[in-house]
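Read through the structure below, which is laid out as structure tokens, and then see the notes.
The values are calculated or read from the model by the stated rules, or taken from the named source; none is laboratory data. Not measured: the values here are computed from a predicted model. Here the Cβ positions follow ideal geometry from the backbone for every residue, glycine too, while neighbour counts run over all protein chains shown.
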């Protein structure tokens with residue numbers, strides 16, 4: 001009877017040991033994947049900052065006016081051609 005109990009406990013010990021090894025391996029794989037995803041997120045943050053700077057540069061008034069003047073041949077209208085329109089009163 002003790003031999004049978006010893007064998008059962010040995011089998012249970014082996015199963016637990018294999019489960020521990022498998023769970024540690026999975027945890028390591030997930031940690032490596034997490035690090036990769038964090039690196040990707042960091043790179044995207046850097047790219048987002050660069051895009052914000054680029055958007056600010058492309059949208060400056062001086063650049064828009066320069067393109068309108070040089071490339072599109074746009075000019076300010078004469079003063080007698082400018083008409084001011086008052087905005088209607090806002091109703092509460």
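For the list (1) surrounded by 10 or more Cβ atoms within 10 Å (Cβ to Cβ); (2) modelled with pLDDT under 90, I need the number of the one condition that residue 44 fails.
With (1) surrounded by 10 or more Cβ atoms within 10 Å (Cβ to Cβ); (2) modelled with pLDDT under 90 applied to residue 44, the lone miss is (2).
When you go through (1) in a helix (DSSP H, G or I); (2) at pLDDT below 90 one by one for residue 77, which number turns out not to apply?
Going through the list (1) in a helix (DSSP H, G or I); (2) at pLDDT below 90, residue 77 breaks only (1).
Look through 3, 22, 90, 39 and report the one residue that is surrounded by fewer than 10 Cβ atoms within 10 Å (Cβ to Cβ), out of contact with any strand residue (DSSP E or B) (no Cβ under 8 Å at 6 or more places or on another chain), assigned to a helix (DSSP H, G or I) and free of Cβ contacts under 8 Å to residues at least 40 places away in the same chain.
3
Would you call residue 49 in a helix (DSSP H, G or I), surrounded by 10 or more Cβ atoms within 10 Å (Cβ to Cβ) and without any contact (Cβ under 8 Å) to a residue 40 or more places away in the chain?
yes
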